[in-house]
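**Student:** Mind looking over this structure? Questions follow.
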Amino acid sequence: MSEDVSFRRMTAADLDNVLKIEYAAFSHPWTRGTYTDALSAYECWVMFEGEQQVGHGVINVIIDEAHLLNITVKPQSQGRGLGLRLLEHLMARAYERGGRECFLEVRASNGSAYRLYERYGFNEIGRRRDYYPAADGREDALVMACTLLDESDS
């Protein structure tokens, strides 16, 4: 994995590239409207490897509770640890904003994302039936949670 990874806040000017990655990565991607709304309501980040945009993520923190809303790595860049780097960045930002616990939903069929979250320290705490749209109807979401730690303490 490249050590030349950087992050910056997402802007409206990033949306064309964000949507290219989003549509390549997911069968039911977020829309431009969803991202436009997210830019004004949540903390949105883009990840670069060198000069190339390779991922993005969205978090929300309310008081001491964070929610990971989206994390996406360009399909051609997956499998090299970039998802973990992005997740670590987002969780550090959530902690800096006061988040002490984080929640997320993941498609029941998305084993690679589930393993990434487990590797970070998330545990499955529930299931939301028929949460996600799917090609053949609806798909369950697994609800996961973890305690956020100050990375400078580890």
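The values are calculated or read from the model by the stated rules, or taken from the named source; none is laboratory data. Everything quoted here is computed from the prediction, not taken from an experiment. Every residue, glycine among them, receives a Cβ derived from its backbone with ideal geometry; neighbour counts consider all protein chains shown.
**Student:** Checking Ala13 against (1) under 26 Å from Tyr131 (Cβ atoms); (2) aliphatic (A, V, I, L, M); (3) out of contact with any helix residue (DSSP H, G or I) (no Cβ under 7 Å at 6 or more places or on another chain): exactly one of these is not met. Which one?
**Tutor:** All conditions pass for Ala13, except number (1).
**Student:** Please tell me if Val106 is in contact (Cβ under 8 Å) with a residue 12 or more places away in the chain, under 28 Å from Asp16 (Cα atoms) and of a type in the set (Val, Ile, Thr).
**Tutor:** Details: in contact (Cβ under 8 Å) with a residue 12 or more places away in the chain: yes; under 28 Å from Asp16 (Cα atoms): yes; of a type in the set (Val, Ile, Thr): yes.
Yes.
**Student:** Restricting the search to the range 54-68, which residues are surrounded by fewer than 20 Cβ atoms within 10 Å (Cβ to Cβ) and either on the phi < 0 side of the Ramachandran plot or of a type in the set (Asp, Glu) (or both)? Working first, answer last.
**Tutor:** Of the residues in the range 54-68, the ones surrounded by fewer than 20 Cβ atoms within 10 Å (Cβ to Cβ) are 60, 62-65, 67.
Within the range 54-68, Asn60, Ile62, Asp64, Glu65, His67 qualify.
**Student:** List the pairs whose first member sits in the range 4-31 and is touching a residue at least 40 places away in the same chain (Cβ under 8 Å) and among the hydroxyl-bearing types (Ser, Thr, Tyr), whose second member is surrounded by 14 or more Cβ atoms within 10 Å (Cβ to Cβ) and not in a loop (DSSP other than H, G, I, E, B), and whose Cβ atoms are under 7 Å apart, counting only residues at least 6 apart or on separate chains?
**Tutor:** Note: pairs meeting the criteria are Ser6/Phe48.
**Student:** Scan the range 38-50 and tell me whether some residue there is without any contact (Cβ under 8 Å) to a residue 40 or more places away in the chain and loosely packed, with under 12 Cβ neighbours inside 10 Å.
**Tutor:** Of all residues in the range 38-50, those without any contact (Cβ under 8 Å) to a residue 40 or more places away in the chain come to 38-42, 44, 46.
Subset that is loosely packed, with under 12 Cβ neighbours inside 10 Å: 40-41.
So far as the range 38-50 goes, yes, one or more of its residues are without any contact (Cβ under 8 Å) to a residue 40 or more places away in the chain and loosely packed, with under 12 Cβ neighbours inside 10 Å.
**Student:** Does Arg32 meet the test of being of a type in the set (Lys, Arg) and either surrounded by 15 or more Cβ atoms within 10 Å (Cβ to Cβ) or touching a strand residue (DSSP E or B) at 6+ places or on another chain (Cβ under 7 Å) (or both)? Steps first, answer last, please.
**Tutor:** Working: of a type in the set (Lys, Arg): yes; either surrounded by 15 or more Cβ atoms within 10 Å (Cβ to Cβ) or touching a strand residue (DSSP E or B) at 6+ places or on another chain (Cβ under 7 Å) (or both): no.
In short, no.
**Student:** Also, quick follow-up: I'd like the residue in the range 31-73 that is part of a strand (DSSP E or B) and charged (D, E, K, R) and, out of all such residues, is nearest to Ile21 (Cα to Cα). Before the answer, list the steps.
**Tutor:** The initial filter retains those residues of the range 31-73 that are part of a strand (DSSP E or B), namely 43-49, 52-62, 65-73.
Now narrow it down to the ones that are charged (D, E, K, R): 43, 49, 65.
Details: Glu43: 18, Glu49: 14, Glu65: 28 Å.
That would be Glu49.
**Student:** Next up: Return yes when Gly98 is assigned to a loop (DSSP other than H, G, I, E, B), on the phi > 0 side of the Ramachandran plot and modelled with pLDDT of 95 or more and no when it is not.
**Tutor:** On the way: assigned to a loop (DSSP other than H, G, I, E, B): yes; on the phi > 0 side of the Ramachandran plot: yes; modelled with pLDDT of 95 or more: yes.
Yes: the conditions hold for Gly98.
**Student:** How many residues does the range 73-90 contain that are free of Cβ contacts under 8 Å to residues at least 40 places away in the same chain, more than 9 Å from the chain's Cα centre (by Cα) and under 20 Å from Thr147 (Cβ atoms)?
**Tutor:** The number of residues fulfilling the criteria is 1.
**Student:** If Arg129 passes every condition in (1) in contact with a Gly (Cβ under 8 Å, 6 or more places away or on another chain); (2) more than 19 Å from Thr147 (Cβ to Cβ) but one, which one does it miss?
**Tutor:** (1)
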